[in-house]
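Quick notes on the structure that follows.
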């Protein structure tokens with residue numbers, strides 16, 4: 001299991017608060033931070049540890065480039081917040097603005113980059129350019145094969161997930177927020193049709209509203225309330241190299257590899273083409289919901305049937321609030337990595353860039369990315385349950401846009417005018433026709 005900096009839990013559970021945030025990943029912590037800035041009393045409850053699942057296991061890319069156009073306004077707002085993040089939380093988050101480049105080695109990649117640029121760069125006033133072959137080679141030098149070009153955003157950045165989200169959580173506590181780890185939310189209580197309390201394994205917290213930011217666990221939680229949320233998980237394997245003497249400062253991907261520099265001088269390396277989708281019972285229940293995504297990205301997902309199918313089948317789909325919940329039975333979702341993917345990515349990276357030849361992998365891990373049918377999140381007060389706000393389905397984009405998600409959710413909870421148009425993020429879009437389709441870099 002990847003080592004994420006530990007955040008201490010508060011002591012006694014309060015009897016009442018303004019808002020309970022369920023989930024201690026980047027979306028939940030950022031939401032709680034924004035609520036505290038508005039003077040709202042807030043409590044975060046987390047079944048395991050802060051950022052112990054995907055929020056601490058992702059690539060650490062902070063980007064506007066390649067996003068689905070529905071997410072670009074959030075990505076731009078998040079960039080503004082990331083630039084101030086070290087100062088905001090008074091700690092190192094690893095954020096550096098080094099740019100991101102998608103290197104094109106095939107005509108297909110070149111065309112995709114050009115199409116995305118032409119549709120989005122000017123429309124959203126992004127500092128994104130299409131680079132020539134010579135410009136791409138100069139940006140990421142030392143390659144044995146000249147790229148055909150690149151899509152490049154100079155003000156995209158990177159951060160260190162394993163320290164960034166814990167730093168944000170500690171800031172939240174200093175600002176007066178409360179955090180309870182090893183404290184699973186089992187469900188909610190209602191009064192006059194609205195959320196009136198969150199029931200946890202350690203007691204009940206009366207509240208005016210609740211935010212569900214539970215990542216891959218959101219579907220199961222909502223299912224117990226009779227609310228259908230189409231959500232599956234994809235297992236992404238990631239590795240980090242030992243520090244190396246030299247290497248590109250810019251974050252880049254191309255062919256079969258993706259790499260970004262770390263604070264320690266090493267690199268976070270991932271496979272640019274492949275992730276693994278472990279078949280689980282929900283894979284069959286949601287088959288038709290996810291057909292558009294499968295058609296779009298079928299080449300990039302390897303299907304696997306294994307132990308996880310039976311582990312998921314054994315977890316309860318319904319439970320009473322006085323019973324042990326599935327979230328207490330699985331404190332931290334710690335999927336098995338697929339090291340062969342990282343070794344393949346590292347081999348191709350070294351073949352293309354000899355500076356990476358002989359670089360040793362210090363650690364390989366995996367995370368479970370929660371994915372929606374169009375690879376775009378859901379952010380709204382659920383019409384089926386007033387007072388319950390959903391921030392989930394971030395589809396591998398959560399770390400980068402997380403700070404802006406926090407602002408949006410705080411605005412929804414407090415009734416402020418939202419910072420972005422929320423219509424594209426409604427849950428109901430999955431039950432309408434035509435079905436929504438992904439429109440970005442998945």
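The values are calculated or read from the model by the stated rules, or taken from the named source; none is laboratory data. Not measured: the values here are computed from a predicted model. Methodologically, a virtual Cβ is constructed for each residue, glycine included, from the backbone with ideal geometry; neighbour enumeration extends over all protein chains shown.
Some observations on this one:
- Every pair of residues 6+ apart whose Cβ atoms lie under 7 Å, when the first sits in the range 295-321 and is at positive phi and surrounded by 13 or more Cβ atoms within 10 Å (Cβ to Cβ) while the second is at pLDDT 85 or above and part of a loop (DSSP other than H, G, I, E, B): none
- Here the condition is being in a strand (DSSP E or B) and within 19 Å of the chain's Cα centre (by Cα); of 205, 235, 179, it holds for 235 alone.
- Test set (1) surrounded by fewer than 18 Cβ atoms within 10 Å (Cβ to Cβ); (2) within 22 Å of residue 388 (Cβ to Cβ); (3) touching a helix residue (DSSP H, G or I) at 6+ places or on another chain (Cβ under 8 Å) - residue 6 fails condition number: (2)
- Number of the condition not met by residue 244 [criteria: (1) under 30 Å from residue 14 (Cβ atoms); (2) in a loop (DSSP other than H, G, I, E, B)]: (1)
- Yes/no for residue 287 being crowded, with 18+ Cβ neighbours inside 10 Å and part of a loop (DSSP other than H, G, I, E, B): no
- Selection from the range 337-374 of residues that are in a strand (DSSP E or B) and under 20 Å from the mean Cα position of the chain (by Cα): 364, 365, 366, 367, 368, 369, 370, 371
Residue-by-condition table, conditions (1) out of contact with any helix residue (DSSP H, G or I) (no Cβ under 6 Å at 6 or more places or on another chain); (2) surrounded by 15 or more Cβ atoms within 10 Å (Cβ to Cβ); (3) closer than 30 Å to residue 272 by Cβ:
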| position | (1), (2), (3) |
| --- | --- |
| 334 | yes, yes, yes |
| 338 | yes, yes, yes |
| 357 | no, no, yes |
| 378 | no, yes, yes |
| 382 | yes, yes, no |
| 386 | yes, no, no |
| 410 | no, yes, no |
| 427 | yes, yes, no |
| 436 | no, yes, yes |
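- Elements of type helices (runs of 4 or more DSSP H) in the range 96-176, at least 1 residues being at pLDDT 95 or above and over 30 Å from residue 3 (Cβ atoms): 107-120, 133-139
- Filtering the range 340-360 to residues that are touching a strand residue (DSSP E or B) at 6+ places or on another chain (Cβ under 6 Å) and at pLDDT below 95 leaves only 359.
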